[in-house]
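Colleague: Could you have a look at this structure, given as structure tokens, before my questions?
The values are calculated or read from the model by the stated rules, or taken from the named source; none is laboratory data. The structure displayed is predicted, hence computed values, not measured ones. So basically every Cβ, Gly included, is an ideal-geometry build from the backbone, and we count neighbours across all protein chains shown.
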Amino acid sequence: MDYDYSFDSKLPRVGTTIFTLMSRMAADYGAINLSQGFPDFDGPAPLKEALCHYVRTGHNQYSPLAGVLKLREQIAFKVKHLYEHQACPEKNITVVPGATEALFCAIQTSVQRGDEVIIFDPAYDSYQPAIELSGGTAVHVPLQPPDFHIDWQRVRDAITSKTRMIIINTPHNPTGSLWHVSDMQQLNELVCNTNIILLSDEVYEHLVFDGQQHESLLRYPELAARAFVVSSFGKTYHVTGWKTGYCIAPDKLMREFRKIHQFVSFVGVTPIQYALADYMEKCPRHYLELPDFYQEKRDYFCQKLAPSRFKFSPSAGTYFQMADYSDISHQSDMEFVTHLTQQLGVAAIPISVFYKTPPDSRLIRFCFCKEDSTLEQAAERLCRI
Ligand code: PMP
Ligand code: GLN
């Protein structure tokens, strides 16, 4: 018999994430899963070998609180090389079990009851619940279609004396849009005389196409001085299930971040960290080759999808492609992805779930980090509708 108890939900408006729902529906209906973002191919063989090696050779106990030092040194090397940012492995870098945790801890560290946090809609789904759990309020500023750029006047209008944090996500999930130098300048002007903390979600930092540059916040010393910058090895090394990411922040912020991290997960998985450190050291070219690798996939998918009735312009970054289905159906996006999954055998993600106030548009997201054969088969089905 169930114990008869009642308690107030801390997240009354939250259900199961759309990624879980759509992956489950894809599995139930045997659909090709272009919904949740994960590759259908494996990470590099030497990386997997390295993990086996470290498990076999006894690297199976707790790592230091901030993560395996060798991995933090590799991260420091990478951000120096790519973004000219000097991060001290001891003071400024913490390895965490997944970027999701880094985002959560950064928000818990910074946001107090009554604070406001500006997020840009469509917004990745973990931001708002983390803000609410810290007692804060999310203030939603919509990105401007069709290219989903920032309307800086709207950001200015959204700032109040209670604004504690602004959350940035570039390259952007789900739209694939990028921040540009001018956005960083606008942001700097906006926050320079305030106490606003920045949280920059850069998990797709290496997935930027057409010769564009990733504008990491770390390139901008004035911004980095007030920022948590988060990335994920899951995306970079095709191992989303390894759930390992990191956060970079100035000493003062990182000290507080670690106080919370130590009571959320304490540490990440030790042999995974050693394996990643080895691989980063031995194959520094891996992330440099990622833009071309994924741009080819984007182009392949777009080329195969071109004869369909979906309308789209190729994604600027991430491994997601947005598509407009307004020439195909007037259904809501949730109804449409359900139909696609169950009847056509291709699962996708509806976009309206990432909005506080969804616009009247007909957009869905496809994930193209898949084998070419998967993309071809999916596109062939999508051309039938
Ligand atoms: N931020 C964004 C924008 C993402 O798409 C994801 C996807 N997984 C994450 C954070 C979380 O990354 P991780 O799997 O490392 O927790
Ligand atoms: N970030 C991934 C996506 O956008 C999913 C991660 C998750 O399922 N939490 O598809």
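Colleague: Would you mind stating whether Gly67 is under 28 Å from Phe368 (Cβ atoms), small (Gly, Ala, Ser) and within 16 Å of ligand 1 (Cβ to nearest atom)?
Modeller: no
Colleague: Evaluate the following for Cys247: is it over 30 Å from Leu51 (Cβ atoms) and under 23 Å from the mean Cα position of the chain (by Cα)? Walk me through it before giving the result.
Modeller: Numbers: over 30 Å from Leu51 (Cβ atoms): no; under 23 Å from the mean Cα position of the chain (by Cα): yes.
The answer is no for Cys247.
Colleague: Do the conditions hold for Leu178, that is, is it closer than 29 Å to Arg365 by Cβ and more than 15 Å from ligand 1 (Cβ to nearest atom)?
Modeller: Here the answer is no, as Leu178 does not meet what is asked.
Colleague: Find the residue count for the stretch 139-175, including only residues that are within 15 Å of ligand 1 (Cβ to nearest atom), without any contact (Cβ under 8 Å) to a residue 40 or more places away in the chain and under 19 Å from Leu207 (Cα atoms).
Modeller: 1
Colleague: Name the residue that is farthest from Thr175 (Cα to Cα), counting only residues in the stretch 8-61 that are in a loop (DSSP other than H, G, I, E, B) and within 12 Å of ligand 2 (Cβ to nearest atom).
Modeller: Taking the stretch 8-61 and keeping what is in a loop (DSSP other than H, G, I, E, B), we get 8-17, 29-31, 34-44, 57-61.
If we keep only those that are within 12 Å of ligand 2 (Cβ to nearest atom) too, we end up with 16-17, 34-39.
Details: Thr16: 21, Thr17: 18, Leu34: 15, Ser35: 14, Gln36: 14, Gly37: 13, Phe38: 16, Pro39: 18 Å.
Per the criteria, the residue is Thr16.
Colleague: Of all the residues that make up the stretch 79-98, how many are under 15 Å from Ala249 (Cα atoms) and within 16 Å of ligand 1 (Cβ to nearest atom)?
Modeller: 4
Colleague: Against the conditions (1) within 27 Å of Gln262 (Cβ to Cβ); (2) touching a residue at least 40 places away in the same chain (Cβ under 8 Å); (3) out of contact with any strand residue (DSSP E or B) (no Cβ under 6 Å at 6 or more places or on another chain), where does Ala123 fall short? Just the number, please.
Modeller: Going through the list (1) within 27 Å of Gln262 (Cβ to Cβ); (2) touching a residue at least 40 places away in the same chain (Cβ under 8 Å); (3) out of contact with any strand residue (DSSP E or B) (no Cβ under 6 Å at 6 or more places or on another chain), Ala123 breaks only (1).
Colleague: Further, regarding this structure: Determine, yes or no, whether Ser161 is small (Gly, Ala, Ser), at pLDDT 95 or above and in a helix (DSSP H, G or I). Step through it out loud before you land on a result.
Modeller: Values: small (Gly, Ala, Ser): yes; at pLDDT 95 or above: yes; in a helix (DSSP H, G or I): no.
So Ser161 does not fit the description; no.
Colleague: Related question: Filtering the stretch 297-318 down to residues that are among the basic types (Lys, Arg), in contact with a Phe, Trp or Tyr (Cβ under 9 Å, 6 or more places away or on another chain) and more than 22 Å from His330 (Cβ to Cβ), which residue is surrounded by the fewest Cβ atoms within 10 Å (Cβ to Cβ)?
Modeller: Once the filter is applied, the top-ranked residue is Lys297.
Colleague: Would you point out the residue of the stretch 217-233, among those that are outside any helix (DSSP H, G or I) and more than 16 Å from ligand 2 (Cβ to nearest atom), that is nearest to His172 (Cα to Cα)? Spell out how you get there, then give the answer.
Modeller: So the first thing to find is which residues in the stretch 217-233 are outside any helix (DSSP H, G or I), and the list is 220, 225-232.
Imposing the further condition that a residue be more than 16 Å from ligand 2 (Cβ to nearest atom) reduces the set to 220, 225-229.
On the way: Tyr220: 19, Ala225: 22, Arg226: 21, Ala227: 18, Phe228: 17, Val229: 14 Å.
Selected residue: Val229.
Colleague: Here are some residues: Ser231, Ser200. Which one is within 14 Å of ligand 1 (Cβ to nearest atom), of a type in the set (Ser, Thr, Tyr), in contact with an Asp or Glu (Cβ under 6 Å, 6 or more places away or on another chain) and touching a residue at least 12 places away in the same chain (Cβ under 8 Å)?
Modeller: On inspection, the qualifying residue turns out to be Ser231.
Colleague: Could you please find all residues in the stretch 19-62 being surrounded by 13 or more Cβ atoms within 10 Å (Cβ to Cβ), touching an Asp or Glu at 6+ places or on another chain (Cβ under 7 Å) and under 14 Å from Cys367 (Cα atoms)?
Modeller: Asp40
Colleague: Follow-up question, since we're still on this one. Identify, from the list Ser329, Ser361, the residue that is surrounded by fewer than 18 Cβ atoms within 10 Å (Cβ to Cβ), in contact (Cβ under 8 Å) with a residue 24 or more places away in the chain, small (Gly, Ala, Ser) and closer than 30 Å to Ile118 by Cα.
Modeller: Ser361
Colleague: List the residue pairs whose Cβ atoms are under 7 Å apart, where the first residue sits in the stretch 234-250 and is part of a helix (DSSP H, G or I), the second is within 11 Å of ligand 1 (Cβ to nearest atom) and among the hydroxyl-bearing types (Ser, Thr, Tyr), and the two are 6 or more positions apart or on different chains.
Modeller: Listed pairs, sorted by first residue: Gly234/Thr240; Gly234/Thr244; Lys235/Tyr204.
Colleague: Going by the structure shown, is Thr94 closer than 29 Å to Glu215 by Cβ, under 18 Å from the mean Cα position of the chain (by Cα) and among the β-branched types (Val, Ile, Thr)?
Modeller: Working: closer than 29 Å to Glu215 by Cβ: yes; under 18 Å from the mean Cα position of the chain (by Cα): yes; among the β-branched types (Val, Ile, Thr): yes.
In short, yes.
Colleague: What strands (runs of 3 or more DSSP E), lying completely within the stretch 80-158, carry at least 1 residues that are away from ligand 2 (no atom under 16 Å from the Cβ) and either polar (S, T, N, Q) or at positive phi (or both)?
Modeller: So the answer is 93-96, 137-142.
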